[in-house]
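Novice: One structure coming up, written as structure tokens, with questions to follow.
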Amino acid sequence: MKTLFVKSFLSLAVMALPCASWAQANDPKATIAELDARLAKLGVAKLEGKEKAGDKEVPGLFFGPRKVNNNYDMVDDIKKKSGATATIFVKEGDDFVRVSTNVLTPEGKRGVGTTLARAKAYEAVSKGQGFCGDVDVLGTPFSACYNPVKDDKGAVIGVTYVGFKKS
């Protein structure tokens, strides 16, 4: 009887594992923490030079020696592992411009060169604060998180974003 109970318990625990990982995989807070940690491992964020982003000329955003402008490895890996959309923005004037993203425009192209909408997330990251909540990303509703990217002096020079499409 005890063996049957243990086997039943273990079977239930094994069946629950995919549900637990699914719940975590749809958590924008956990997913943006993973993206930010991976970027931090590369080194301190800094701006250097200029780079094309769509039809805009924007600063080059580096984490350590790695430039993220027009480099999609990290955002595509987030999508592959969690199903989330992910973007790295660089600050250009008063705007935050997408320089690395897996977010697609209605035409099916990466949204590189598009800007962060001037809404609650913009207000928060402009003040150096994170934001999590429901947002519209290029016309589609998402449950999302945004975090400011700061240089070694604490100035906001970019933004990270992770979002899950709302059903």
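The values are calculated or read from the model by the stated rules, or taken from the named source; none is laboratory data. What you see is a predicted model; the values in this text were computed from it and never measured. Here the Cβ is made from the backbone with ideal geometry for all residues, glycine too, and neighbour counts use every protein chain on show.
Novice: Scanning region 57-100 for residues that are part of a strand (DSSP E or B) and either of a type in the set (S, T, Y) or at pLDDT below 95 (or both), which turns out nearest to G113 (Cα to Cα)?
Specialist: The extreme case among them is S100.
Novice: Kindly provide the set of residues from region 101-111 that are over 11 Å from the mean Cα position of the chain (by Cα) and part of a loop (DSSP other than H, G, I, E, B), ordered by number.
Specialist: Residues satisfying the conditions are T105, P106, E107, G108, K109, G111.
Novice: Between residues in region 78-99 that are closer than 18 Å to R38 by Cα and touching a residue at least 40 places away in the same chain (Cβ under 8 Å) and residues that are aromatic (F, W, Y) and surrounded by fewer than 24 Cβ atoms within 10 Å (Cβ to Cβ), which pairs lie under 6 Å by C-beta distance while being six or more apart or on different chains?
Specialist: Pairs that qualify, where the first residue is closer than 18 Å to R38 by Cα and touching a residue at least 40 places away in the same chain (Cβ under 8 Å) and the partner is aromatic (F, W, Y) and surrounded by fewer than 24 Cβ atoms within 10 Å (Cβ to Cβ), are A84/F164.
Novice: Could you please give the count of residues in region 135-167 that are among the hydroxyl-bearing types (S, T, Y), assigned to a strand (DSSP E or B) and more than 18 Å from A33 (Cβ to Cβ)?
Specialist: 1
Novice: Report yes if A23 is modelled with pLDDT of 95 or more, in a helix (DSSP H, G or I) and either of a type outside the set (D, E, K, R) or in contact with a Pro (Cβ under 9 Å, 6 or more places away or on another chain) (or both), otherwise no.
Specialist: no
Novice: Hey, another quick one. How many of the residues in region 100-121 are surrounded by 19 or more Cβ atoms within 10 Å (Cβ to Cβ) and either touching a Pro at 6+ places or on another chain (Cβ under 9 Å) or farther than 23 Å from K50 by Cβ (or both)?
Specialist: Residues that pass the stated criteria total 1.
Novice: Quick check on G158: is it at pLDDT 95 or above, surrounded by fewer than 21 Cβ atoms within 10 Å (Cβ to Cβ) and not polar (S, T, N, Q)?
Specialist: no
Novice: Could I ask something else about it? Restricting the first residue to region 130-149 and requiring it to be under 14 Å from T160 (Cβ atoms) and at pLDDT 95 or above, which pairs with a second residue that is of a type in the set (A, V, I, L, M) and in a loop (DSSP other than H, G, I, E, B) meet a Cβ separation below 9 Å and a spacing of at least six or different chains?
Specialist: Qualifying pairs under 9 Å: A144/A84; Y146/L116.
Novice: If you scan region 54-82, which residues turn out to be in contact with a Ser or Thr (Cβ under 9 Å, 6 or more places away or on another chain) and among the aliphatic types (A, V, I, L, M)?
Specialist: L61, V68, M74, V75, I78
Novice: Does S82 fit the bill of being more than 10 Å from the chain's Cα centre (by Cα) and among the hydroxyl-bearing types (S, T, Y)?
Specialist: For S82, the condition - more than 10 Å from the chain's Cα centre (by Cα) and among the hydroxyl-bearing types (S, T, Y) - is met.
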